[in-house]
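In what follows, a structure is listed as structure tokens, so that the remarks can point back to it.
Just so you know, all these numbers are worked out from the coordinates, no wet-lab data involved. Note that the coordinates shown come from a computational prediction; the quantities given were computed from them, not determined experimentally. Please note: Cβ atoms are built from the backbone with ideal geometry, for glycine as well, and neighbour counts cover all protein chains shown.
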Amino acid sequence: MTLNTIPAQNIRFKIGSIILLILAALMVLMHFGLMFILNDHVLFFSFGMFSIYAFLVLLIPFRKGEKWAWTSSWLLPIGLAIPATLDPGIAVYYTSFAVICAVGLLLTMRQFFSKR
């Protein structure tokens with residue numbers, strides 16, 4: 001079985017993947033911190049685990065250039081945008097994170113889908 005991986009990473013890919021990794025790590029820290037600060041353990045534990053999944057996908061298969069990882073990484077901005085539409089109190093923060101994640105993914109798109 002051969003994997004579709006990218007041979008060399010350009011600067012846009014590196015910047016986009018660093019943006020995504022930093023945001024995913026911040027989301028992990030934020031959600032686990034809010035679990036203790038706001039005392040809503042189940043909700044923030046769930047979001048924290050979602051963020052850990054996103055971080056691990058971005059850290060290993062995404063950086064290897066596996067196309068499925070790029071596609072599944074869209075769960076991060078979508079998962080941030082949905083709560084933003086439901087609660088106006090967090091809309092600015094979650095929408096900002098979602099937009100920055102989408103920009104990071106779009107920066108890496110050419111590297112994943114260019115003809116080799």
Given the -39500 (n - 2.57) contribution per DSSP H run of 4+ residues, what per-residue ellipticity at 222 nm results for the chain, rounded to the nearest 500 deg cm²/dmol?
-24500 deg cm²/dmol
Rounded FRET efficiency, nearest 0.05, which uses the C-beta distance separating Ile15 from Ile90 and R0 of 22 Å
0.25
For the chain, the convex hull over Cα atoms projects on average to an area in nm² of 7.6 nm²
Helix 91-113 against the longest principal axis of the chain: what's the angle in degrees, Cα atoms only, rounded to the nearest 10?
10 degrees
How much length is gained if the chain between Phe36 and Leu106 is pulled fully straight, taking 0.36 nm per residue apart and subtracting their Cα-Cα distance, in nm to one decimal?
21.8 nm
Model label zone, Phe45; criterion: amide N under 13 Å from point 7 Å along Cα-to-beta-carbon; scope region 11-33
32
Based on Cβ point charges of +1 for Lys and Arg and -1 for Asp and Glu, what charge dipole magnitude is obtained for the chain about its Cα centre, in debye rounded to the nearest 20?
760 debye
